[in-house]
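Values in this text are rule-based calculations from the coordinates and carry no lab data. All figures in this text were calculated on a predicted structure; none of them were measured in a lab. For neighbour counting, all protein chains shown are included, and Cβ atoms are generated from backbone atoms with ideal geometry for every residue, glycine included.
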Amino acid sequence: MELDIFFTPIAEIPTDKEAIGENISSYFDGAAFPSWEDADVVVFGVQEARNSYNNKGCSAGQNKIRSSFYGLNSSQNYAIADLGNIAQGKEVEDTYSAVSEVVKDLVSKGKFVIILGGSQDITYANYLGYQKLEQTVNLVSIDDRFDISADEELAFSSLNYLNKIVLHQPNYLFNLSQLAFQGYFVKKSQVKLLEDLYFEYLRLGELQDDMTLSEPMLRNADILSVDMKALRKAEFSAAKGIGPNGLFANEMCQLMKYAGISDKLSSVGIYDYDHELDFDGSGAQLIGQMMYFLIEGFYARKGDYPSGLKADNIKYVVHHGEIDHNLIFYKSPKSDRWWLEVPYPPREDFKFERHHLVPCSYNDYQEAMNENIPDVWWKTYRKLN
């Protein structure tokens, strides 16, 4: 399918000769549609916010973000295509359908996709693109609250879009990780729902105490969804409903660098930026810098996932008396990153034992050495059952 049928061109963005924008193949007014097949990174906007909860102004403003990003500088030689914007369809579902088709084609061709929203419910459309590829998905959400509800009767919106993903049939969601949520915004029923499904989460305070705790979760992600309301208002005011507590700007950029370095991550959506509230342009500047750190991370990928015989990685075997399996860890000498091998539970239809590799940290290895079973091992084992 030709992707140009989904997109509208954008106004030309003037940039300096040495700026990043000079190396971006963009769908400007009067220009031909970019040859995205030659790009490593593909960017597009989605001008949709009809299912947003109290932030309808986030449907536009993508060009303000682009102006910020295009004007930055880098020593890297980027290969980026900017396809323009997907405009609102006649119905919201039409927009979702367009997004899912575009994501499906781009991800299937191995592109690293950055979506500029729009409201965060577009994450559901992003997920549908992977479903069309019949690909199992690990999703990470950076948000100040859980956009999920135990009440299935609520109308669909950006406040409960995760319901559509978690309950979707056929279900291709393997894991959900929630980062930077603030406990007073989250109901007990929401926490219980995540725990019952063996999903992961990190509270804002836990994350800020040790940002490295997020790295294995982001390394395991296929999709990253970022709600800009996860930031504190003093850092980012270009969204309705943003509170006084949240991530600092540099912390958000650190998360983007972790995400970009992940060999597995293939799409990122940045949502809920309201350009009408961005009076001094600092909100667009921050998102432009987030894109910069994502792409810098992408070009710094190590390609050290321990596949095949894992000969290039250091293997550590920890004996544990409580389970029937050894705890097997792999450490990459390239990046010092760790993985943990989790066996599939025994089943009659499995002739041979199979294993699933999940990213972990050195702390998990220390836990195992202290005769504790790492939480990530138990949750993964139960999901595989």
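For the chain, the longest principal axis of the alpha carbon atoms and the long axis of helix 122-132 meet at an angle near 60°.
The lysine pair tally for segment 99-250, using Cα distances under 25 Å and a gap of 8 or more places or different chains, is 17.
Exposure proxy ranking for H355, H275, based on other Cβ atoms within 10 angstrom of each Cβ and starting from the fewest, stands as H355, H275.
Can you check how the C-alpha radius of gyration of the chain compares to 2.2 N^0.38 Å, as a plain ratio?
Working: Rg = 20.7 Å, N = 385, 2.2 N^0.38 = 21.1 Å.
Normalised by 2.2 N^0.38 Å, the Cα Rg of the chain equals 0.98.
Shape annotation for segment 217-358: C-alpha extents along the principal axes are 61, 30, 27 Å, from largest to smallest.
Peptide packing: for 183-190, 141-148, the average count of neighbouring Cβ atoms within 10 Å per residue gives the ranking 141-148, 183-190, highest mean first. Each of the peptides 336-344, 7-15 was scored by the mean count of other Cβ atoms within 10 Å over its residues; in descending order, highest first, they stand as 336-344, 7-15. Per-residue ellipticity at 222 nm from helix content only, as computed over the chain with -39500 (n - 2.57) for each DSSP H run of at least four residues, stands at -8500 deg cm²/dmol. In this calculation the C-beta distance from E2 to D280 is compared with R0 = 41 Å, giving a FRET efficiency of 0.55.
Would you mind putting 290-299, 164-173, 91-100, 110-119 in packing order, based on average other-beta-carbon counts within 10 Å, highest first? Let's see the in-between values first.
Values: 290-299: 21.9, 164-173: 14.4, 91-100: 18.6, 110-119: 23.9.
Packing order, densest peptide first, comes out as 110-119, 290-299, 91-100, 164-173.
What dipole magnitude, in Debye to the nearest 20, does the chain give about its Cα centre under +1 on Lys/Arg Cβ and -1 on Asp/Glu Cβ?
Numbers: 36 positive and 56 negative charges, 90 e Å.
In total the dipole reaches around 440 debye.
Here M256, M228, M369 are placed in order of increasing Cβ neighbour count within 10 Å, fewest first, which gives M369, M256, M228.
Determine the gain in length on full extension of the stretch S335-D196; use 0.36 nm per residue of separation and subtract their C-alpha separation, reporting nm with one decimal. Spell out each step's value before the answer.
Details: separation 139, 0.36 × 139 = 50.04 nm, distance 3.33 nm.
This chain segment gains 46.7 nm when fully extended.
Each of T380, T123 was scored by other Cβ atoms within 10 Å of its Cβ. Listed from fewest to most, they are T380, T123.
Computed from Cα positions, the angle between helix 249-261 and the longest principal axis of the chain comes to roughly 70 degrees.
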